[in-house]
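Data block below; observations after.
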Amino acid sequence: FIFLSAPEAIDVLYRDRSRALIPIRPEGPSHLGDIESVDFSTLLNDILIPIIARGSTSRGLQMLTPVFNRNLLTVLQRMHANDHPLSLKYFVSFSLFYSMMTSVFGASFPLDVYDDFIVVDNYAYHLISPLLSVFAFTAHRAKTRVRKRLLTFMDPWIKTHGKSDVDGVSAHGNEVLRALASSTMSPLDQAGALQTYMWGAFTNVSGNAFW
């Protein structure tokens with residue numbers, strides 16, 4: 001969902017009260033989650049993008065900010081107590097990843113996907129390119145591991161076909177997961193869509209926080 005960096009999208013979110021984003025072609029993002037379903041385009045444009053637009057408003061962000069701040073303080077304290085040296089890039093990147101994912105998806109979110117997630121992020125350009133993707137062996141293996149862990153995480157929503165929320169997860173997180181679990185896509189594609197959502201949300205922030 002890197003389209004949120006586009007001036008047109010930002011203008012829609014913050015000036016146009018209709019919140020109507022222009023439909024996009026999901027070929028690139030779908031490769032990041034190995035999504036095979038032909039219904040992904042409809043899900044993305046008609047359901048996920050409006051959810052993301054609502055979550056990106058001032059009101060939506062204000063609901064997450066207190067939890068984000070608490071989680072950020074927690075991870076910073078843990079890192080401070082760590083005797084091992086850390087690179088500045090890891091310090092910034094993991095702090096954001098921990099705070100964002102636990103704030104949106106709760107304490108049960110599998111944070112151990114971080115290393116593989118970063119590998120996928122680093123190879124995003126290769127994965128999106130049909131020519132280069134076949135050579136991104138490490139990224140493909142990492143992508144598969146992330147998707148399997150997310151599939152396990154999504155099990156409570158998948159079991160109810162997206163008809164119920166899970167305690168400890170934000171309203172926005174539950175809305176995203178309900179939408180994915182109630183879709184016609186296979187559970188594996190649903191996990192791939194969640195992986196794509198995570199990539200878009202995290203990359204937009206981390207790319208501006210550390211460069």
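Ranked by the mean number of other Cβ atoms within 10 Å of their residues, highest first, the peptides 96-107, 69-80 come out as 96-107, 69-80. Apolar share of the accessible surface for region 123-202: 62 percent from carbon plus sulfur atoms, 1.4 Å probe.
With Cβ to Cβ distances under 13 Å as the rule, what net charge do the other residues near THR152 carry (K, R +1; D, E -1)? Walk me through the numbers on the way to the answer.
Working: positive: ARG145, ARG147, LYS148, ARG149, LYS159; negative: ASP112, ASP155.
For residues surrounding THR152, the net value is +3.
Taking label positions 7 Å along the Cα-Cβ direction at both LEU131 and LEU111, the computed distance is 4.1 nm, reported to one decimal. These residues, HIS84, HIS126, go from largest to smallest accessible area, 1.4 Å probe, as HIS84, HIS126.
The values are calculated or read from the model by the stated rules, or taken from the named source; none is laboratory data. In this text the structure is predicted, and so the values were computed from the model without any measurement. Glycine also receives a Cβ, built like all others from the backbone with ideal geometry; neighbour counts cover every protein chain displayed. When the accessible area is computed, the model is the full protein with side chains, heavy atoms only, and any ligands, DNA or RNA have been set aside. Shrake-Rupley method; radii C 1.70, N 1.55, O 1.52, S 1.80 Å.
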